[in-house]
Amino acid sequence: QVQLVESGGGLVQPGGSLRLSCAFSGSIFTLYFMGWYRQAPGKQRELVATMSGGGSTNYADSVKGRFTISRDNAKVTVYLQMDSVSPEDTAVYYCNAQNVVTRATYWGQGTQVTVSS
């Protein structure tokens, strides 16, 4: 069973930076399409960024140029580097893994990111 454990959330000031990590276990990491999603209070969960096993990336327009997704296949971990954050980035951030063959999807428990002065 795939398990995803996020870390790195917290309180950050506007304009600051934060790096989220998602540790993967329970299967073959390179068979999974990895992504970060977020959910703000009263809003639906939305895609932030995704990355294929081969390194192709996709970003929401709202974070392009500010956030960077990366993965370390040796450490079986995916990261989200968040720069130039704004209060609109405040949300619970969730790690997502989707098997490229079976399409089975897994979620982490989420990590809170709060952008405030």
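Laboratory data are not the source of any read-out in this text; all were calculated from the coordinates shown. Everything numeric in this text was worked out from a predicted model, so none of it was measured. Every residue, glycine as well, gets a Cβ built from its backbone with ideal geometry; the counts of neighbours run over all protein chains shown.
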**Request:** Using only alpha carbon pairs under 8 Å that are at least six residues apart, calculate the relative contact order of the chain and give it in whole percent.
**Result:** 36
**Item:** Only Lys, Arg (+1) and Asp, Glu (-1) charged, at Cβ; region 30-71 dipole about Cα centre in debye
**Value:** 100
**Request:** May I ask for the net charge around ASN96, where only other residues with Cβ less than 14 Å from the Cβ of ASN96 are counted and Lys, Arg are +1 while Asp, Glu are -1?
**Result:** +2
**Item:** Formal net charge of residues neighbouring PHE33 (Cβ-Cβ distance under 11 Å; K, R +1; D, E -1)
**Value:** +2
**Message:** Within 10 Å, at most 11 other Cβ atoms, and a DSSP state outside H, G, I, E, B define an exposed site. Report the longest part of the chain free of exposed trypsin sites (Lys or Arg not before Pro).
**Reply:** 1-42
**Message:** With +1 on the Cβ of every Lys and Arg and -1 on the Cβ of every Asp and Glu, and nothing else charged, how large is the dipole of region 51-92 about its Cα centre, in debye rounded to the nearest 20?
**Reply:** 180
**Prompt:** Taking the Cβ of GLN13 as the center, what net charge do the other residues with Cβ under 13 Å away carry, scoring Lys and Arg +1 and Asp and Glu -1?
**Reply:** -2
**Item:** All-pairs Cα distance distribution in the chain, expressed in whole percent, bin size 10 Å
**Value:** 15, 50, 29, 6, 0
**Complete:** Magnitude of the Cβ-charge dipole (Lys and Arg +1, Asp and Glu -1) of the chain about the Cα centre, nearest 20 debye, reported as 160
**Asked** With the chain treated as a Gaussian network of Cα nodes joined by springs under 10 Å, which of GLY16, GLY65, GLY42 yields the largest mean-square fluctuation?
**Response** GLY42
